[in-house]
Amino acid sequence: MTIPRQLGPRTGPRTALPDYSRSAATVERMVSNLDHAPRRRSGARPGAVRTLLPRAATRDTVLRAVVAVLWLGTALLIAVGLVVLWASVEDGHAPGIALLLVMLMLGASLVLVGVLGVRFALVALGTARSCVEISEEGLHVVGAFRSRTVPWPRIRAVESRVVHPVHWLTAALRLDDGSRVLMPAFDRHIWTYSEPAGQDIRALRVELHRQQKASARFF
C-alpha cells in the first residue's frame, strides 16, 4: 500500500503526514497523529510553534457563564429580600431577634452566592481567552486578564493537579524560585478530577524534558 505524504486538495492547503517507514506505518497511528496535530489560534504571537487551548473552550465558556448568571441572579434575589425585610421594620423600632437571625442568614448567603457567581464569571472569561503558546524561547501563558512569557530555563516542572481558590483544580508551571504560573487553559470540571492528565499536559512535559536535555548538552 502506498502511504500518502499529504492530505487535502491539490490546489489548496494540505496537511502533512508523518514520514513513517512502510513497515511501521498504520492507519491508526496516522489518524492519531492527525488528532493530536498542533492547534493554532488565530492571532497567535509570531514565533509560536504550537498553541494549546482548552479541550472544549466554547462549551466550557457557555456552561460556566450560565452558572455564573444563575449564582449572580440568586444573589440579586437575596439582596432584594434583605431590602424588603429591612423596610418592613417600623421606624424607630429595632428588628426582632427572629427577623435579625433571618437577615443575618440571608446576608451570609448573599456573600457566599455572590462570591461563587464572581468566581464562575472569572473562570468563564479565562476559558474564553486562555491558551498556552509553545515556542523555542519558552511558554507564553494567557489568562483571563493578563499574560506572561516564561523562558524554558526557569521552568522546573509542569504540575497537573494544582488547587487554587478561584480555578479550583488546574495546572501550573513550577519555576526555579518555587513560585507557580497558573495555566487557566487546563482548568478542570469537578467531574473530571479523577481523570489522568490530558494529552496537552503530556506534550508540555515532553517539550520541557527536550529543552532541559538540550540545555544540559549545551553546558
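The values are calculated or read from the model by the stated rules, or taken from the named source; none is laboratory data. Here the structure is a predicted model, which means the values were calculated and not measured. Please note: Cβ atoms are built from the backbone with ideal geometry, for glycine as well, and neighbour counts cover all protein chains shown. Just the protein is used for accessible areas: all its heavy atoms, side chains included, with ligands, DNA and RNA removed. Shrake-Rupley method; radii C 1.70, N 1.55, O 1.52, S 1.80 Å.
Do we find a residue being among the aromatic types (F, W, Y), assigned to a strand (DSSP E or B) and free of Cβ contacts under 8 Å to residues at least 60 places away in the same chain anywhere in segment 186-194?
No, segment 186-194 has no match at all.
Can you confirm whether V113 is within 20 Å of V66 (Cβ to Cβ) and either in contact with a Phe, Trp or Tyr (Cβ under 6 Å, 6 or more places away or on another chain) or among the small types (G, A, S) (or both)?
yes
Please verify whether V118 is among the β-branched types (V, I, T), open to solvent by 20 Å² or more (accessible area, probe 1.4 Å), out of contact with any strand residue (DSSP E or B) (no Cβ under 7 Å at 6 or more places or on another chain) and in contact (Cβ under 8 Å) with a residue 24 or more places away in the chain, treating the condition exactly as stated.
The answer is yes for V118.
Can you work out which of the residues in segment 57-105 that are modelled with pLDDT of 90 or more, surrounded by 15 or more Cβ atoms within 10 Å (Cβ to Cβ) and of a type outside the set (A, V, I, L, M, F, W, C) is nearest to R188 (Cα to Cα)?
So the residue we want is D60.
Considering only residues that are more than 15 Å from I201 (Cα to Cα), among the small types (G, A, S) and open to solvent by less than 60 Å² (accessible area, probe 1.4 Å), look in segment 139-180 and name the one that is modelled with the lowest pLDDT.
Restricting to residues being more than 15 Å from I201 (Cα to Cα), among the small types (G, A, S) and open to solvent by less than 60 Å² (accessible area, probe 1.4 Å), the top hit is A144.
Can you tell me which residues in segment 132-170 are more than 16 Å from the chain's Cα centre (by Cα) and not in a loop (DSSP other than H, G, I, E, B)?
If the condition is that a residue be more than 16 Å from the chain's Cα centre (by Cα) and not in a loop (DSSP other than H, G, I, E, B), then G138, T149, V150, P151, W152, P153, R154, I155, R156, A157 are the ones that fit.
Is there any pair with a first residue in segment 122-144 that is without any contact (Cβ under 8 Å) to a residue 60 or more places away in the chain and a second that is part of a loop (DSSP other than H, G, I, E, B) and buried (at least 20 other Cβ atoms within 10 Å of the Cβ) whose Cβ atoms are under 6 Å apart and which are 6 or more apart or on different chains, and what are they?
V142/S130; G143/S130
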